[in-house]
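A short write-up of the structure that comes next.
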Amino acid sequence: MSISSGLTGFAVSRWGDDPWALGSWSLIGRHGTPRDRIGLGTPVSTRLRIAGEATHPTRAGMTHGAYEQGADAGAWAAGLGHRRVAVVGAGMAGLAAARALVARGVEAVVFEARDRIGGRTAGVDVGGTGFDLGANWLQQYDDNVLARLAEQCGLTVVATDFTDPLVLGSAVSTTKTDAAGLEDELRSRLAAAPADASIQDVLDDWLRSPAPWAPDVIRRFVDAEIVMDTGAPLSWLSARHGFEPGVGEGDRWIVGGYRLLTDHLAAGLDIRLSHPVYRIEIDRQVTVNGEDSYDAVIVTVPVPVLAAGTILFDPPLPAAHRTALDHLGAGRVEKVILRFDRRFWPVHGYYRVHGPEPTSVSEWLDATPADGIPTLVGLFAGPWLAGLWTGTDSAVARGAAAVFRAASAGHDCGW
């Protein structure tokens, strides 16, 4: 019997290869600060503004941060008296901007490069049920505008406790008390680091004098809390600003996926799918791709896409905005959704797998509550991706299933 036998359905993300994402959520590099987020979101002129999760000073990397920045940009354009506005990107920020414009009587035309809406929220059907290959959680639930919208729409949400994962595999589980002490020590060291230090610099210094913790315990903690949370090299991440808060503050996931929200937000909007924007010219009017003219444009594409020069701005973005793009970036966290004919893992809700290699960490959500069919959603980052995320989607899914099966072998499935 194959170790991945029982696998009845799957879906695999490819955010690192997606030309309209080039990674996951935004992060601050070793030469950056939160001021770069604010600077990137500062209007370039009365006709151009960049918006999205990367421009939010306190909710970066989160869908409601993207929504709030998009809605604010829409209100900004309407407040300037613009009557026809182009919105580049139909992700959460773009949809929010368009809705804010339309609500104020402004014509909004949304250009989306993909053949779908949602951006880095990416709904997919597996076995007839909707799941998320992109953004998965309503974070900071009690203070989340999208959570309120989900409640208004009558959607079912399920809480996830990231602070109490069931650790599987070869690792010795760290107690909550130890984890709290490790995080306090880590954050203290990061806050005291030189302005241009990386997280790797801080980790190297800590490991030279690790007491009272063992070096491997520190490394596992950093792998689980930072590598999994960012998907970026520790040598690139800012020590002071690269480990941002947000995860684990009452997070809940939507049964049926984020698509239920994005479809609701997109209803009635003028969205032009499969229409990538490559050139934006700004003079007395805004011209998109050398064709239609608008009073203003709101650009909501991810930081790596902007930094890659995918969109040519004429005139070029100001130096302050280009510097912000140099200081910001995105890591890579990939996701796999696996459906099985039977449950073989213990009932818990959230799991962390260490191994088989010392720096290999993956995290898993038990998404069985979606429809009662045994389902796991796995998140992979760091060293895993170079080997596991190659070949066909089927090969990735089988490999990921094997990782979880091996780690959970011998654990009571709870039945």
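Throughout, read-outs are computed from the coordinates displayed, never taken from laboratory work. Owing to the predicted nature of the structure, the values given are computational and were not obtained by experimental measurement. Cβ coordinates were reconstructed from backbone atoms using ideal geometry, including for glycine residues, and neighbour counts include every protein chain displayed.
Put simply, the convex hull of the Cα atoms in region 332-385 casts, on average, a shadow of 4.0 nm². Here region 20-36 and region 64-80 have alpha carbon centers that stand 20 Å from each other. Across region 19-25, computed HN-Hα scalar couplings (Karplus, 6.51 cos²θ - 1.76 cosθ + 1.60, θ = phi - 60°) run x, 9, 10, 6, x, 9, 9 Hz from first to last residue, x flagging Gly and Pro.
The helix-only estimate of mean residue ellipticity at 222 nm for the chain, built from DSSP H runs of length n ≥ 4 each weighted as -39500 (n - 2.57), is -8500 deg cm²/dmol after division by the residue total.
Dimensions of region 286-348 based on its C-alpha atoms, expressed as ranges along the principal axes with the largest first, amount to 58, 30, 17 Å.
Semi-axis lengths, largest first, of the ellipsoid equivalent to region 105-163 are 24, 19, 12 Å, with √(5λ) applied to each eigenvalue of the Cα gyration tensor. Where Rh is the Kirkwood radius over the Cα pairs of region 1-107, the temperature 37 °C and the viscosity 0.692 mPa s, what D in µm²/s does Stokes-Einstein return? It comes out at roughly 211 µm²/s.
Mean separation of Cα pairs under 8 Å and 6+ residues apart, divided by the residue count of the chain: what relative contact order is that in percent?
Working: 887 pairs, mean separation 113.6, N = 415.
Across the chain, relative contact order equals 27 percent.
The convex hull around the C-alpha trace of region 269-395, projected and averaged over every direction, spans 12.7 square nanometres. Computed from backbone phi, the HN-Hα couplings of region 288-304 come to 9, 6, x, 10, 5, 10, 9, 6, 7, 9, 10, 9, 10, 6, x, 3, x Hz, rounded to whole numbers (Karplus: 6.51 cos²θ - 1.76 cosθ + 1.60, θ = phi - 60°; Gly and Pro given as x). Between Glu291 and Ala386, the C-beta separation translates, for a Förster distance of 45 Å, into a calculated FRET efficiency of about 0.60. Comparing region 261-314 with the 2.2 N^0.38 Å rule of thumb, its C-alpha radius of gyration ratio is 1.28 (two decimals).
Roughly speaking, what % of Cα-Cα pairs in region 214-293 are separated by over 19 Å, rounded to a whole number?
On the way: 2145 of 3160 pairs.
Here the long-distance tail beyond 19 Å is 68 percent of all Cα pairs in region 214-293.
Please list, by residue number, every one of the GluC sites (Glu not before Pro) in region 204-302 that is coil in DSSP and has at most 10 other beta-carbon atoms within 10 Å. The partial results should precede the final answer.
Numbers: sites: Glu225, Glu249, Glu281, Glu291; in loops: Glu249, Glu291.
Qualifying residues, ordered by number: Glu291.
Spin-label model, Ser45/Ala103: points 7 Å from Cα along the beta carbon direction are separated by 2.9 nm. Distance from the Cα centre of region 113-144 to that of region 251-310, in angstrom? Here the two parts' Cα centres lie 17 Å apart. Taken along the Cα-to-beta-carbon direction at a fixed 7 Å, the label points for Thr163 and Ser274 span 4.9 nm.
The alpha carbons of region 42-194 give a radius of gyration and a Dmax of 19.6, 61 Å, in that order.
Exactly which trypsin sites (Lys or Arg not before Pro) in region 215-308 are in a DSSP loop and have at most 11 other Cβ atoms within 10 Å? Don't skip to the end; give the middle numbers.
Details: sites: Arg219, Arg220, Arg240, Arg252, Arg259, Arg272, Arg279, Arg284; in loops: Arg240, Arg284.
The qualifying sites are Arg284.
Near Gly231, once Lys and Arg are set to +1 and Asp and Glu to -1 for all other residues with Cβ below 12 Å from its Cβ, the sum equals -2. Taking every DSSP beta bridge that has both ends in the chain, the antiparallel portion is near 65%.
Considering only beta bridges that DSSP places wholly inside region 1-131, some 40 percent are antiparallel.
The spread of Cα positions in region 1-50, taken along each principal axis and listed from longest to shortest, comes to 62, 28, 14 Å. Within the chain, the percentage of alpha carbon pairs spaced more than 32 angstrom apart rounds to 37%.
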